[in-house]
Amino acid sequence: MGWLRRLFSRERLEADLDKELRFHFESQVADKVRSGISESEARRLTRIEFGGIEQIKEDCRERRGTMWLESLSQDVRYAIRQLRNSPSFTSVALLTLALGIGANTAIFSIIQGTLELPYANADRMVVVKNVSPRQSHFAASWPDFLEWRGRSKSFTQIAGIFTSMMTWKGDKEPQSLFIGLVTEGYFGLYEMQPIVGRVFLPSEHVTGSTPVCALGEDFWREQFNGDASVVGKPLYLDGKACTVIGVMSRVVPDSNHSAQVWIPMEPNLPFREHGSDFIRTTGLLRPGVSQTQALSDLRNIQTQVDKQFPETAHDLGLQSLSQNVFGDVRAMMFILWAAVGFILLIACVNLAIMLLARASGRAREFAVRRALGASAARLIQQTLAESLLLSVSGAFAGLAVAAVFMHIPIGAWPKGFLPPSGAHLNGEALAFTSLLALITGVLFGIVPMFRILRQNDKSALRQGHITTDSLEQNHTGSMLVIAEIAFSMLLVAGALNMAFYLIRLMRTNPGVNPKNVLVINVWLSPQQYPDVGKKWRFYSTLLERLAIIPGVVHAAGSMDPPFWGSFPHGKFSYDDQPDETANQNPVAGFHYVTPGYFETVQTPIVKGRDFTPQDRPGSPKVVLINREMADRLWHGQSAIGKHIHCCYKGGDFEIVGIAGDVLLDGLAQPAGNEIYLSVQQNAWSQGLSFLLRTSGDPFTYVLSARHAVSTVDAGQAISSITSIETLADQAVAGQRIFTLVTAILGTLALLLASIGVYGVMAYSVNRREREFGIRLALGSSRSGILKILFSGLFGLVAAGMILGALLTFAMRAWIASILGTTSGGLLAFAASALLLCGVAALAALIPARIAMRIDPMQALRSE
């Protein structure tokens, strides 16, 4: 940067000013001499008119700021005229910038608007993780929560929530509502304010207090039309009245869906004993306290508790609320931001190539201006004024592109993640766009600036002189083309890799047949169904009613249907377990199903038997496992008759069957250890999903299913209705939207690369027109001219592909670590190479045809 400082130094500016003033002085003297005045007299008169060079310089120094603004204004007006006189160049340049800046602004708006927690102290909010010998989860028991809240010195506040379902009978049929049971201070921790009414009082968090509730904003607007008079009225949940005390705003992003009704937890505790982990606990760290210090504090408290209750001893962990909420979504969005960053780089390279060609065409103009006394700083100012004018105009067009582009991921946001409703073009997005415009204007303006400073003015001033440098000899242009091809290769290969990855996922056998299976979720009231026996009688009766619906082929129940997205995991021990693994028990997923489940989802029983109605409470406890688990633990030996120990103290289960592998952790993950237990023997949950395999469209059976539920219990609501096919589609929604966005970015990269190649080829043909005319006059064939052009072009394309391949494989490991193992790397590379070659050939076709039509006589006449 030393040359740049010297160029704009005070001494250099003074020298330029002196040179310009002397030029004007000599011009005035020459005019007087031509009018017949002697040279000495002309100089004397000119000095009198000028008032002396030094005085003029002093006046100019005083007016330097005004003069600079005047010169800048003049340069901007000149740039506008130049761009107006070149509509094709201006249109392509604005389109290129709009795509590059618009894509970056859109991703920035999504990240800034949806991947940032809306809390003032979000960076100090953490979630407590319970790491027990059986499993790891974000839940705590009520006694543990009280100890943490009462004794910890690392938090300013600790609060918890437990989500459940309750039945509400409004004006229509019963509805199952999503309930948030919250501890004291929960609303304050999450900065939730009442829209109408108030929050819970401390006295309402005491057992025996008058039942109260607060409505969620969405539920209030949908069911009560936003009527504020609902405050003070009773709301009946599970047949019991609670008084509505307020309506809470919707600002809690740490759950897949906001609660419809909030109630105090303490008067409604579902469990009170140690080991019953159900409270999701969030804490706000004190200023200056790190996560490590807070974790040590909590572990000291928990160690003392575990000494009193060793059977429920467990370790703890902490995770930032931001990581807990967004998980890998943030990483995926930053990958996209890196991709659109490359799009912007390609756009800048494109503009640099176009401005380089434009500067070459204006070489004589710049030489004349310099000969007339224009300084290098003034010429650079003019060039930057033009590039910045382009970038600012492109930024305005980019805002329109961003408004469209940002709705692509919003429209297909995966279920289970927060929809990016907060993404919009706010002041921060506009500031970001302005900064991008400034940076890009300088970036693609640098190349023609160097061209101006390094050009040979004498050569440029020769009348009719046309440089015949080849594409290979134009080192700056060649390097820009190589960089553009490399960046495009990276994006296109990444997009194709994601496409092949998604195709592989869609072709993967999930282990179940998702076609024509309706899923009906029912949540039973603990007050109406307090014990296992009563719950199972409801489940079994409803299953019988559902199974006899005309068109229902099979019916079964499961606590977590395939692709549901979450199910309990835990450790277990097993027969013939090696001694060295006794303290490192393996982990498995636990699935609670009814007889007929495997037949309903069409997962084969490869060995042994299915559950039967005889597997009831009091009979020997039995389980089924998947084939992967059997092969992994017993290495080809029969697992039938073996025992595993899991789930709770004394949980001894005999393996009676081996089921086929099901990809329950997602299509991208291999099958793990899966243990299937009988709902009838372990019906501890209040909710169960009923799966109906139908002979046609499963949603045509919804009314019949609702009727079956009402005949068993007229006051029972259905929590949700979906299909396994819908759940399977949602399981790959994240990969699908990521593939869609990367495909769009890859297409943009191809489009920009084609523009760049076309610009370089057109520039080369224009600069070498006389050379080609001479070659044709000396007997060269037109196909030979075409060979010269394409050999030079594809040499650069090949170099760009090699560099792009290195970039692709360097970034592939990083992307795979976030998205999981991907496949098709070599195939994607080969396909992207063919695509780029094809695009380059098409882009070069028009300039090549112009080169083949060159008239030798007309080309030589230009000399």
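If K307 passes every condition in (1) within 21 Å of L189 (Cα to Cα); (2) in a helix (DSSP H, G or I); (3) not aliphatic (A, V, I, L, M) but one, which one does it miss?
(1)
So, A749, is that one touching a Leu at 6+ places or on another chain (Cβ under 9 Å), open to solvent by less than 10 Å² (accessible area, probe 1.4 Å) and modelled with pLDDT under 90 or not?
yes
Given the condition at pLDDT below 75 and aromatic (F, W, Y), answer yes or no: does some residue in region 393-408 qualify?
yes
Is it the case that region 615-626 has a residue that's touching a Pro at 6+ places or on another chain (Cβ under 8 Å) and touching a residue at least 40 places away in the same chain (Cβ under 8 Å)?
The answer is yes; a qualifying residue exists.
If only one of L430, L496, L438, L471 is assigned to a loop (DSSP other than H, G, I, E, B) and either on the phi < 0 side of the Ramachandran plot or at pLDDT below 80 (or both), which one is it?
Only one candidate passes the filter, namely L471.
State all residues of region 205-217 that are more than 23 Å from D227 (Cβ to Cβ) and either surrounded by 16 or more Cβ atoms within 10 Å (Cβ to Cβ) or without any contact (Cβ under 8 Å) to a residue 40 or more places away in the chain (or both); if no residue qualifies, say none.
H205
I need the full set of residues from region 225-250 which are open to solvent by less than 50 Å² (accessible area, probe 1.4 Å) and out of contact with any strand residue (DSSP E or B) (no Cβ under 6 Å at 6 or more places or on another chain), in order please.
G226
Does region 520-557 hold any residues that are part of a strand (DSSP E or B) and either open to solvent by 10 Å² or more (accessible area, probe 1.4 Å) or of a type in the set (V, I, T) (or both), and which are they?
I520, N521, V522, W523, V552, V553, H554, A555
Just to be sure I understand, how many residues within region 114-138 are within 20 Å of G188 (Cα to Cα) and at pLDDT 75 or above?
Residues in region 114-138 being within 20 Å of G188 (Cα to Cα) and at pLDDT 75 or above: 12 in total.
Let me confirm something: among M333, M265, which residue is on the phi < 0 side of the Ramachandran plot and at pLDDT below 80?
Exactly one residue qualifies, and that residue is M333.
Residues checked against (1) surrounded by fewer than 19 Cβ atoms within 10 Å (Cβ to Cβ); (2) of a type in the set (V, I, T); (3) in contact with a Lys or Arg (Cβ under 9 Å, 6 or more places away or on another chain); (4) touching a residue at least 40 places away in the same chain (Cβ under 8 Å):
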residue	(1), (2), (3), (4)
A630	no, no, yes, no
S638	yes, no, yes, no
G651	yes, no, yes, no
V662	no, yes, no, yes
N673	no, no, yes, yes
L688	no, no, yes, yes
T711	yes, yes, yes, yes
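For region 690-703, how many residues meet the condition of being hydrophobic (A, V, I, L, M, F, W, C) and open to solvent by 10 Å² or more (accessible area, probe 1.4 Å)?
Qualifying residue count, region 690-703: 3.
Which numbered condition in (1) of a type in the set (S, T, N, Q); (2) under 26 Å from A831 (Cβ atoms); (3) at pLDDT 80 or above is the only one that T742 fails?
Of (1) of a type in the set (S, T, N, Q); (2) under 26 Å from A831 (Cβ atoms); (3) at pLDDT 80 or above, only one is false for T742: (3).
Are there strands (runs of 3 or more DSSP E) fully within region 209-290 with at least 3 residues that are under 38 Å from the mean Cα position of the chain (by Cα) and among the polar types (S, T, N, Q)? List them.
Filter on region 209-290 gives an empty set.
Can we say G150 is under 35 Å from the mean Cα position of the chain (by Cα) and assigned by TED's automatic domain parsing to the domain that holds Q304?
no
Select from region 570-613 the residues that are assigned to a helix (DSSP H, G or I) and modelled with pLDDT of 90 or more and write down the one among them that is most open to solvent (accessible area, probe 1.4 Å).
Filtering first and then ranking leaves E599.
I'd like to know if region 822-839 contains one or more residues that are of a type in the set (A, V, I, L, M), assigned to a helix (DSSP H, G or I), modelled with pLDDT under 75 and open to solvent by less than 30 Å² (accessible area, probe 1.4 Å).
Within region 822-839, none of the residues are of a type in the set (A, V, I, L, M), assigned to a helix (DSSP H, G or I), modelled with pLDDT under 75 and open to solvent by less than 30 Å² (accessible area, probe 1.4 Å).
The values are calculated or read from the model by the stated rules, or taken from the named source; none is laboratory data. Nothing here was measured: the structure is a model prediction, and the numbers come from that model. Ideal geometry is used to build each Cβ from the backbone, glycine not excepted, and the neighbour counts take in all protein chains shown. Each accessible area value is taken on the protein alone, full model and side chains, heavy atoms only, with ligands, DNA and RNA left out. Shrake-Rupley method; radii C 1.70, N 1.55, O 1.52, S 1.80 Å.
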